[in-house]
Amino acid sequence: MAWETSGWQQPARAEVSDVLVQESRRAFMSRVYGWMFAGLTVTGVVALLTASSPELVMRIAQFRWVLFIAQLGMVFALSGMAHKLSGAVAGALFLGYSLLTGLTFSVLFYVYTTGSIANAFLMSAGAFGAMSAFATFTKKDLSGWSTFLFMGLIGIFIASIVQVFMQSPMLNFVLGCAGVLVFAGLTAYDTQKLREMHADSGYSSAATLSIVGALTLYLDFINLFISLLRLFGSRRD
């Protein structure tokens, strides 16, 4: 009767293993979303507080390129050196980046009405949640989207540089439409990729991996928000 015992044990072990994998993955993604929410909270609070001081906003507008370069440096440091960083250092870099983004976003309150900024945020939250849920529950492999999304990012980057010099309303509209498509797609793609990263890492619970994942989704959300604000934001007179 030994064969009967082993026959029952093997499926049972596989089932237990699958349950543990799913629980570990859920815990990992919960940490990712938790860090992302913390980053968005820091960005929002800093933007609101900074916007209450017109003098400070003017100073930030004057040094926006310095802040932009500092933000790029933090992103490259966190993404490129993640395997060398402790969780504490990675968390400090991520929250520092979120703070700098909040400083630069304070200018938006002097360009767009508060109501339209709030609407763009709510639309971004809805679109982000829908695409994250799609990536979580779909059985479709989204890796095939990578080429389209990468080309879209390049196009948006080039068009954004042109827009700085041209200030074309039509190009601004095109950038908004393209941005919504690309960053909504990236939200789904990156969500699924993060779940695979967790699997490839042996279901590690390292804090640094969670923070890098949070940065990825944070950037998707922020750029989706900017794209929707381009399309639906009401400018101040």
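If you go through the range 21-36, how many residues are within 30 Å of residue 115 (Cβ to Cβ) and surrounded by 14 or more Cβ atoms within 10 Å (Cβ to Cβ)? Give the derivation first.
Applying the first criterion (within 30 Å of residue 115 (Cβ to Cβ)) to the range 21-36 yields 33-36.
Still in the running and surrounded by 14 or more Cβ atoms within 10 Å (Cβ to Cβ): 33, 35-36.
Total meeting the criteria: 3.
Quick grid of which residues meet (1) in a strand (DSSP E or B); (2) within 19 Å of the chain's Cα centre (by Cα); (3) surrounded by fewer than 16 Cβ atoms within 10 Å (Cβ to Cβ):
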{"site": "47", "(1), (2), (3)": "no, yes, no"}
{"site": "56", "(1), (2), (3)": "no, no, yes"}
{"site": "66", "(1), (2), (3)": "no, no, yes"}
{"site": "79", "(1), (2), (3)": "no, yes, yes"}
{"site": "94", "(1), (2), (3)": "no, yes, no"}
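Residue by residue through the range 121-147, note down the ones that are of a type in the set (Val, Ile, Thr) and not in a helix (DSSP H, G or I).
Selection gives 138 alone.
When you scan the range 155-201, how many residues do you find that are in contact (Cβ under 8 Å) with a residue 60 or more places away in the chain and either polar (S, T, N, Q) or not in a helix (DSSP H, G or I) (or both)? Before you say what the answer is, go through the steps one by one.
Our first condition is that a residue be in contact (Cβ under 8 Å) with a residue 60 or more places away in the chain; within the range 155-201, this holds for 187, 191, 194-195, 198-199.
This time we only want the ones that are either polar (S, T, N, Q) or not in a helix (DSSP H, G or I) (or both), so: 187, 191.
So the count comes out to 2.
Got a sec? Which of 120, 125, 61 is among the small types (Gly, Ala, Ser) and over 27 Å from residue 210 (Cα atoms)?
Working: 120 fails: over 27 Å from residue 210 (Cα atoms); 125 fails: over 27 Å from residue 210 (Cα atoms).
Unique residue meeting the criteria: 61.
Read through the list (1) in contact with a helix residue (DSSP H, G or I) (Cβ under 6 Å, 6 or more places away or on another chain); (2) at pLDDT below 90; (3) of a type in the set (A, V, I, L, M), then give the number of the only condition that residue 51 fails.
Against the list (1) in contact with a helix residue (DSSP H, G or I) (Cβ under 6 Å, 6 or more places away or on another chain); (2) at pLDDT below 90; (3) of a type in the set (A, V, I, L, M), residue 51 comes up short only on (2).
Which residue out of 224, 194 is under 12 Å from the mean Cα position of the chain (by Cα), at pLDDT below 95, aliphatic (A, V, I, L, M) and within 22 Å of residue 138 (Cβ to Cβ)?
194
Looking at the range 77-99, can you tell me whether even one residue there is in contact (Cβ under 8 Å) with a residue 24 or more places away in the chain and farther than 29 Å from residue 208 by Cα?
For the range 77-99, residues in contact (Cβ under 8 Å) with a residue 24 or more places away in the chain and farther than 29 Å from residue 208 by Cα: absent.
Of everything in the range 154-189, what is aromatic (Phe, Trp, Tyr) and under 22 Å from residue 123 (Cβ atoms)? Give them in sequence order. Outline the logic, then answer.
Going residue by residue through the range 154-189, those that are aromatic (Phe, Trp, Tyr) are 157, 165, 173, 183, 189.
Listed by number, the residues that qualify are 173, 183, 189.
Could you check, for the range 133-156, whether at least one of its residues is among the acidic types (Asp, Glu) and within 15 Å of the chain's Cα centre (by Cα)? Show your work before the answer.
Our first condition is that a residue be among the acidic types (Asp, Glu); within the range 133-156, this holds for 141.
Cutting the leftovers down to within 15 Å of the chain's Cα centre (by Cα) gives us none.
No.
If residue 145 meets every condition in (1) touching a helix residue (DSSP H, G or I) at 6+ places or on another chain (Cβ under 6 Å); (2) closer than 16 Å to residue 226 by Cβ apart from one, which number is that one?
Looking at each condition in turn, residue 145 falls short on (2).
The values are calculated or read from the model by the stated rules, or taken from the named source; none is laboratory data. Everything numeric here is computed off the predicted structure, so don't read it as measured data. A quick note on method: Cβ atoms are made from the backbone with ideal geometry, for glycine too, and the neighbour counts reach across all protein chains shown.
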